[in-house]
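Student: I have a structure I would like to understand better, so I am pasting it below and will then ask my questions one at a time.
The values are calculated or read from the model by the stated rules, or taken from the named source; none is laboratory data. Just so it is clear, the structure is predicted and the values come from calculations on it, not from any experiment. Please note: Cβ atoms are built from the backbone with ideal geometry, for glycine as well, and neighbour counts cover all protein chains shown.
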Amino acid sequence: MTMSDRPDAQQRILTKKWYLYLTEFFSGMSVMAVELGASRLLAPYFSSSQIVWTIIIGTIMIAMALGNVYGGRSADKNPNPDKLYGRMLVAAVWIAAIPFIGKFVIIGISALLVMTVNTNFLIWAAFLSCMIVFVYPLFLLGTVTPSLVKYTVSSLDDSGRTVGTLGAANTIGSILGTFLPTFVSIPAVGTAATFVIFSGILLLLGAVYFISVRRGAVKTVIAAVLFAVCSVCALSLGFAFWEKNLTLEDESVYNYLQVQEDDDRVILSTNVLFGVQSVYIKDDALTGMYYDYALAAPLMLEQTDDTELLVLGMGTGTYAAQCRRYFGDMRIEGVEIDEKITGLAHEYFALPADIPVTTYDGRAFLNCTDKQYDVIMVDAYQDITIPFQMSSAEFFRLVRSHLKENGVMIVNMNMISDAEDGINAYLQDTIASVFGNVYTVNVDRATNRELFASDNPEMLANLMKNTEILQNPELTEMMQRVRAGLTPYTAGNRILTDDKAPVELLGMQTIDAMISRELKYYREKFEKEGIKGLIG
């Protein structure tokens, strides 16, 4: 079919190339918005590590490449714009359904792999989820550019200019599609609404085309109805949709946020499947978690009066609040990159109003201040990953420079592992290469290990001396347990640096090993009793 053979209405919309450029612009915008939305959809289940990002980008590139090939061949064989805009309607409905159907797919795949995969569970789960949820709609969007080239290039004389304009429209759209979800739509209305907004743009593009050419009314109406149904479902389903008693489920620029409250405590989690990031015990008792062990750090000082504490990775202030409770005269400040978490700290977790919290990256904060502290707590996990810039020898030397003489650094290490090549081994070697004295203690019934580091050789003697004069029996007993469990650590040669710190890969390997251990019981149950045994 040539340009002159097309119906008048269709010819008019193709002759006025602005609509085709607009299609390319919003197509590029939607691809990037879906990619960023994919990271937010997967993060509460699989983390937001570099590995997960690699899987997302790789999967989307595969889909786009296949779409480019198919779109070009389809346009040469049958250069009918109805086909392209019909595919855009399908892509719009699929993308609108992702926040609803995608969560069930993720949970379903995870449940299936629990019984079938022994290694690299999270990698396989994230990869298969991406393939099933995102490949098809992005394959369809991948057909846009080669199809539009076919429709816009009318002669070789202006082919370069026309293709260049299409490329510029796609690039500019992609730029906006990168910034708008991150800084506007996701923080303002959430991930699900972001998918709905950008899929709605695609639906509108297809609908306007079919209205203009005066056909395709049935498919447009069907697409609009399906889009509306998917949108309502998507906006009504939370990430932890199986939880019925959540106090809050929200998102920030950096995190998925979940608050649960009962009669005894309030919990913050930034991942629907892994762990507790902060906790508030309503009767002011010890938490039973790693925060209790970390209370040993102030007692390792020569004296505990007028102590200054800095918490890097403040969260909702569990450690700071405990230190204020048990060492009331401490001067405490925190650094937390997520301002929304700081807001939750005051609203739900009773963080004392006189404890200042700076919204900043922990390492950047240290680079901007000359102040020194007696104790620095490093608790900078983001969901289940460690920011690489806060795991290197350069970072720990920076921390050391901000400690007063004989000051103490404490590091919370999640994902406990005794593997010689595990993430904790690298962290411990790195820290021991900077500090003269390093001790570790495992947290009972948890996956945490606390590390205490100082250049003061008397840190354990101070702990024993200061424990004896504590007035709180519960805290005294806790510190005695910590002292009994402390083990000296000697530096090895596994050093993380700013140039080479593969913490995401090391952390993922450790998580994989943890999952394998935890799921052994369920696999055995399934092998013996089948699905009925698991349900029971």
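Student: Starting from residues that are of a type in the set (A, V, I, L, M, F, W, C) and at pLDDT 85 or above, keep the ones in the range 238-249 and report whichever is farthest from the chain's Cα centre (by Cα). Quick ask: steps written out before the conclusion?
Tutor: Step one: filter the range 238-249 for residues of a type in the set (A, V, I, L, M, F, W, C), giving 239-242, 246, 248.
With the extra rule that they be at pLDDT 85 or above, the set shrinks to 246, 248.
On the way: 246: 20, 248: 18 Å.
Once the filter is applied, the top-ranked residue is 246.
Student: Restricting attention to the range 317-346, which residues are surrounded by fewer than 23 Cβ atoms within 10 Å (Cβ to Cβ), assigned to a loop (DSSP other than H, G, I, E, B) and in contact with a strand residue (DSSP E or B) (Cβ under 7 Å, 6 or more places away or on another chain)?
Tutor: The one that is surrounded by fewer than 23 Cβ atoms within 10 Å (Cβ to Cβ), assigned to a loop (DSSP other than H, G, I, E, B) and in contact with a strand residue (DSSP E or B) (Cβ under 7 Å, 6 or more places away or on another chain): 330.
Student: Please specify each residue of the range 26-70 satisfying the condition of being in a helix (DSSP H, G or I) and among the polar types (S, T, N, Q).
Tutor: Hits for the range 26-70 are 27, 30, 39, 50, 54, 59, 68.
Student: Looking at the structure I just gave you, is residue 88 in contact (Cβ under 8 Å) with a residue 60 or more places away in the chain and not aromatic (Phe, Trp, Tyr)?
Tutor: When the stated conditions are applied, residue 88 passes them.
Student: If you don't mind, there's one more thing I want to ask. Going by the structure shown, is residue 149 within 18 Å of residue 209 (Cβ to Cβ) and either modelled with pLDDT of 90 or more or β-branched (Val, Ile, Thr) (or both)?
Tutor: It is true that residue 149 is within 18 Å of residue 209 (Cβ to Cβ) and either modelled with pLDDT of 90 or more or β-branched (Val, Ile, Thr) (or both).
Student: Also, I was wondering about something else. Criterion first (over 25 Å from residue 461 (Cβ atoms) and not assigned by TED's automatic domain parsing to the domain that holds residue 400) does residue 268 satisfy it? Break it down into steps so the answer makes sense when it comes.
Tutor: Numbers: over 25 Å from residue 461 (Cβ atoms): yes; not assigned by TED's automatic domain parsing to the domain that holds residue 400: yes.
Criteria met by residue 268.
Student: Next question, about the same structure. Need pairs with beta-carbon distance below 6 Å; first residue among the small types (Gly, Ala, Ser) and within the range 489-512, second modelled with pLDDT of 75 or more and not in a loop (DSSP other than H, G, I, E, B); sequence gap 6+ or separate chains.
Tutor: Short answer, once both residue conditions are applied: 491/429; 491/432; 492/429; 501/388; 507/423.
Student: Against the condition of a type in the set (Val, Ile, Thr), assigned by TED's automatic domain parsing to the domain that holds residue 298 and surrounded by fewer than 16 Cβ atoms within 10 Å (Cβ to Cβ), how does residue 495 come out, does it pass?
Tutor: Against the criterion (of a type in the set (Val, Ile, Thr), assigned by TED's automatic domain parsing to the domain that holds residue 298 and surrounded by fewer than 16 Cβ atoms within 10 Å (Cβ to Cβ)), residue 495 does not qualify.
Student: Continuing with the same structure: Suppose the filter is farther than 29 Å from residue 390 by Cα, assigned by TED's automatic domain parsing to the domain that holds residue 427 and either surrounded by 15 or more Cβ atoms within 10 Å (Cβ to Cβ) or touching a residue at least 24 places away in the same chain (Cβ under 8 Å) (or both); does residue 471 pass it?
Tutor: Working: farther than 29 Å from residue 390 by Cα: yes; assigned by TED's automatic domain parsing to the domain that holds residue 427: yes; either surrounded by 15 or more Cβ atoms within 10 Å (Cβ to Cβ) or touching a residue at least 24 places away in the same chain (Cβ under 8 Å) (or both): no.
Against the criterion (farther than 29 Å from residue 390 by Cα, assigned by TED's automatic domain parsing to the domain that holds residue 427 and either surrounded by 15 or more Cβ atoms within 10 Å (Cβ to Cβ) or touching a residue at least 24 places away in the same chain (Cβ under 8 Å) (or both)), residue 471 does not qualify.
Student: Residues of the range 474-484 being touching a residue at least 60 places away in the same chain (Cβ under 8 Å) and surrounded by fewer than 19 Cβ atoms within 10 Å (Cβ to Cβ), which ones?
Tutor: Restricting attention to the range 474-484, the residues satisfying the condition of being touching a residue at least 60 places away in the same chain (Cβ under 8 Å) are 474-475, 478-479, 482-483.
Correct list: 474, 483.
Student: Could you please tell me which pairs satisfy a Cβ distance under 6 Å, a separation of 6+ or placement on different chains, a first residue in the range 42-65 that is without any contact (Cβ under 8 Å) to a residue 60 or more places away in the chain, and a second residue that is surrounded by fewer than 22 Cβ atoms within 10 Å (Cβ to Cβ) and of a type in the set (Ser, Thr, Tyr)?
Tutor: So the pair list comes out empty.
Student: Just give me the residues in the range 261-275 being surrounded by fewer than 19 Cβ atoms within 10 Å (Cβ to Cβ), touching a strand residue (DSSP E or B) at 6+ places or on another chain (Cβ under 8 Å) and free of Cβ contacts under 8 Å to residues at least 60 places away in the same chain, in sequence order.
Tutor: Within the range 261-275, 264, 265 qualify.
Student: Something else about it: Could you give every pair whose Cβ atoms fall below 6 Å, whose first residue belongs to the range 349-369 and is farther than 21 Å from residue 322 by Cα, and whose second residue is modelled with pLDDT of 95 or more and in a loop (DSSP other than H, G, I, E, B), counting only separations of at least 6 or pairs across chains?
Tutor: Once the first residue is farther than 21 Å from residue 322 by Cα and sits in the range 349-369, its partners that are modelled with pLDDT of 95 or more and in a loop (DSSP other than H, G, I, E, B) give 366/402.
Student: Is there any pair with a first residue in the range 209-225 that is closer than 14 Å to residue 93 by Cβ and assigned by TED's automatic domain parsing to the domain that holds residue 92 and a second that is of a type in the set (D, E, K, R) and assigned to a helix (DSSP H, G or I) whose Cβ atoms are under 6 Å apart and which are 6 or more apart or on different chains, and what are they?
Tutor: none
Student: Give me the residue from the range 443-458 that is aliphatic (A, V, I, L, M) and either part of a strand (DSSP E or B) or at pLDDT 95 or above (or both) and, out of that set, surrounded by the fewest Cβ atoms within 10 Å (Cβ to Cβ).
Tutor: Going through the qualifying residues, I end up with 451.
Student: Out of all the residues in the range 86-128, which are under 22 Å from residue 237 (Cα atoms) and either small (Gly, Ala, Ser) or in contact with a Lys or Arg (Cβ under 6 Å, 6 or more places away or on another chain) (or both)?
Tutor: Within the range 86-128, 91, 92, 96, 97, 102, 108, 110, 111, 125, 126 meet the criteria.
Student: Kindly indicate whether any position in the range 138-145 is among the small types (Gly, Ala, Ser) and either over 16 Å from residue 39 (Cα atoms) or in contact with an Asp or Glu (Cβ under 7 Å, 6 or more places away or on another chain) (or both).
Tutor: yes
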